[in-house]
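The values are calculated or read from the model by the stated rules, or taken from the named source; none is laboratory data. Since we're looking at a predicted model, the values are computed, not measured. No Cβ is skipped: glycine too gets one built from the backbone with ideal geometry, and neighbour counts run over all protein chains shown. Areas reflect the complete protein model, heavy atoms only, side chains present, ligands, DNA and RNA absent. Shrake-Rupley method; radii C 1.70, N 1.55, O 1.52, S 1.80 Å.
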Amino acid sequence: MSSRIDKLRDQISAARADLLDEIEERRARFSYTISGRRIRFEDEMRARHRAARENLLSFLSRTRLLVLLTAPVIYALIIPFVLLDLFVTVYQAICFPVYGIPKVRRGDHIAIDRHHLAYLNGLQKLNCVYCGYCNGLIGYVREIAGRTEAYWCPIKHARRIADPHDHYPGFADFGDPVDFQAHVEAQRATLAAARDD
């Protein structure tokens, strides 16, 4: 059974790699290069971006009043997000070395780059920074939580869950007391091996 799961995991990984390759190929059409953290568009493309930008007043005039009134609710979430970021980062900095788990790099998950797009107005750029941070943070936290779960309690749930993290398929089956301890040791070994990569 686990060999079938391993085969499916490999297929999912291959499909994910193909998807990322396809996205990368499509990026080439938009005439930009990345050097370190700097994104540079060709002059012609930059001019096209500026020409496509909608000014802030026009943008706001098309926005429904109720949408505008919800903005403080959305932006108030920055407080718990920043606190989550701080606490999870401190948690992994203290605990992961003790457990032998490699640390998760924030930069692999949090991408704030859409503000370089000249076709966005200031408010759209702010929204994109906010979404890039919050969604990236959720991915960062999910990976830290996934590694923690793989270390401490690698058992599948009794019921199907919507979108399990990448470590989940390698967990012990729910209700299998015989293989449980072997799975714990295997998951810990897998995490430790990732540290050496």
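Would you check which residues across segment 2-32 are at pLDDT 80 or above and not in a helix (DSSP H, G or I) and list them? Answer for segment 2-32, where residues must be at pLDDT 80 or above and not in a helix (DSSP H, G or I): just Y32.
Restricting the first member to segment 50-71 and to residues that are among the polar types (S, T, N, Q), and the second to residues that are surrounded by 11 or more Cβ atoms within 10 Å (Cβ to Cβ), the beta-carbon pairs closer than 7 Å and six or more apart or on different chains are N55/N121. Within segment 15-26, which residues are under 18 Å from the mean Cα position of the chain (by Cα) and either open to solvent by less than 80 Å² (accessible area, probe 1.4 Å) or among the basic types (K, R) (or both)? Residues satisfying the conditions are A15, R16, A17, I23.
Of all residue pairs spaced 6 or more apart or on separate chains, those with beta-carbon atoms under 8 Å, a first member in segment 144-170 that is assigned to a loop (DSSP other than H, G, I, E, B) and a second member that is at pLDDT below 90 and buried (at least 19 other Cβ atoms within 10 Å of the Cβ) are P154/H167; P154/F171; P154/A172; P154/H183; P154/Q187; K156/F171; K156/A172; H167/Q187. Give segment 138-160 a look and list any residue that's under 15 Å from A186 (Cβ atoms) and open to solvent by less than 30 Å² (accessible area, probe 1.4 Å), or say none. Within segment 138-160, A150, P154 qualify.
Does R46 satisfy being open to solvent by 90 Å² or more (accessible area, probe 1.4 Å) and more than 29 Å from P164 (Cα to Cα)?
On the way: open to solvent by 90 Å² or more (accessible area, probe 1.4 Å): no; more than 29 Å from P164 (Cα to Cα): yes.
When the stated conditions are applied, R46 does not pass them.
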